[in-house]
Every structure is written in structure tokens, then in C-alpha cells.
Amino acid sequence: MSDEIESVRIQVFGADPRHAELEAKELREVLNRLDGAEASFAPPEAPRTTEGAKGPALLTPEVVLILTTGTFALARTAIKAWVDVRKSRKVRVVHFDGTVTEFQGGVSGREVKALQDGQGDRSGAGPGEAR
């Protein structure tokens, strides 16, 4: 099955449209470094008109990439590693068969440092529960 090419839509979310675009550019660069993978921005969708809306469609904090690769396993690992770096990162991968995989960022750098320093959240510990 090494001759089979898989394409997926990758939705990259951000705090606002500009942030989502910056994050998507960074993820695109990561994915394009993988052997046999090609990531590019999806063409913009036609604006949805909503009755009563003023002006063009509202901007959403989401950017869509199209990834084409011979095997998604390596790309999945790269996406997960990229997302885990920052708590605010969120990615949804939509396969063309309709299945969806979501990745949410891990703990923040500040939280990792606090855990390494032994200063994790102890608010729930009562007397005698933890030393």
C-alpha cells in the first residue's frame, strides 16, 4: 500500500484569525519537512451569507491546510508533537472518509517547570495526604 496517497484536511485553530494563520504557517513548515508529504493552504471557501448579516462573512479563528502524504502515521506523530508544545494549540484532522481526529495542546512551559521544581498544584491535598 505504499503507492497509495492519502489526503486530509487539517483545521488549525487560534485565538483570532491572525493567530490561526501564523500557527497554520508554522505547522505547514513542519509537515513539509516530512519525506513524501506536501502541505498547502486550502483554497478559501465561498463566503456563507446569513440573512440579516452586515458586510462579508465573519472571520473565524481557523485556517485549513491540505496534507497529501503516502502514509499518515508519520504526519500524525509530527502534528501531535507540534500541538503538544503549546497549551493553546488545537488541530482537527478530517480524513476524506469522514473520520475526525482532534489534537489539543499539552501543558504549558510554565506548568512543566513548576512540576519539575516540585511546585505542582497542591490545593486539593488535605492534611496527611501528601508530603
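The values are calculated or read from the model by the stated rules, or taken from the named source; none is laboratory data. Computed from a prediction, not measured in an experiment: that's the story for all the values here. Heads up, the Cβs are rebuilt from the backbone with ideal geometry, glycines too, and the neighbour counts pull from every protein chain shown. These area figures cover heavy atoms from the full protein model, side chains too; ligands, DNA and RNA do not enter into them. Shrake-Rupley method; radii C 1.70, N 1.55, O 1.52, S 1.80 Å.
Tabulated data for the structure shown
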| read-out | value |
| --- | --- |
| Near pairs, Cβ below 7 angstrom, 6+ apart or cross-chain, from the stretch 35-49 (under 16 Å from Pro61 (Cβ atoms) and hydroxyl-bearing (Ser, Thr, Tyr)) to any residue that is at pLDDT below 90 and exposed (fewer than 12 other Cβ atoms within 10 Å of the Cβ) | none |
| The stretch 69-85: number of residues that are in contact with a strand residue (DSSP E or B) (Cβ under 9 Å, 6 or more places away or on another chain) and open to solvent by 30 Å² or more (accessible area, probe 1.4 Å) | 5 |
| Those residues of the stretch 64-93 which are in a loop (DSSP other than H, G, I, E, B) and either within 12 Å of Asp35 (Cα to Cα) or in contact with a Leu (Cβ under 7 Å, 6 or more places away or on another chain) (or both), in sequence order | Gly70, Thr71 |
| Which numbered condition Val112 misses (of (1) exposed (fewer than 11 other Cβ atoms within 10 Å of the Cβ); (2) β-branched (Val, Ile, Thr); (3) at pLDDT below 70) | (1) |
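Each row is one residue, and each column tells you yes or no for (1) surrounded by 15 or more Cβ atoms within 10 Å (Cβ to Cβ); (2) modelled with pLDDT under 55.
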residue	(1), (2)
Ala46	no, no
Thr60	no, no
Val94	yes, no
Thr101	yes, no
Asp117	no, no
Asp121	no, yes
Gly128	no, yes
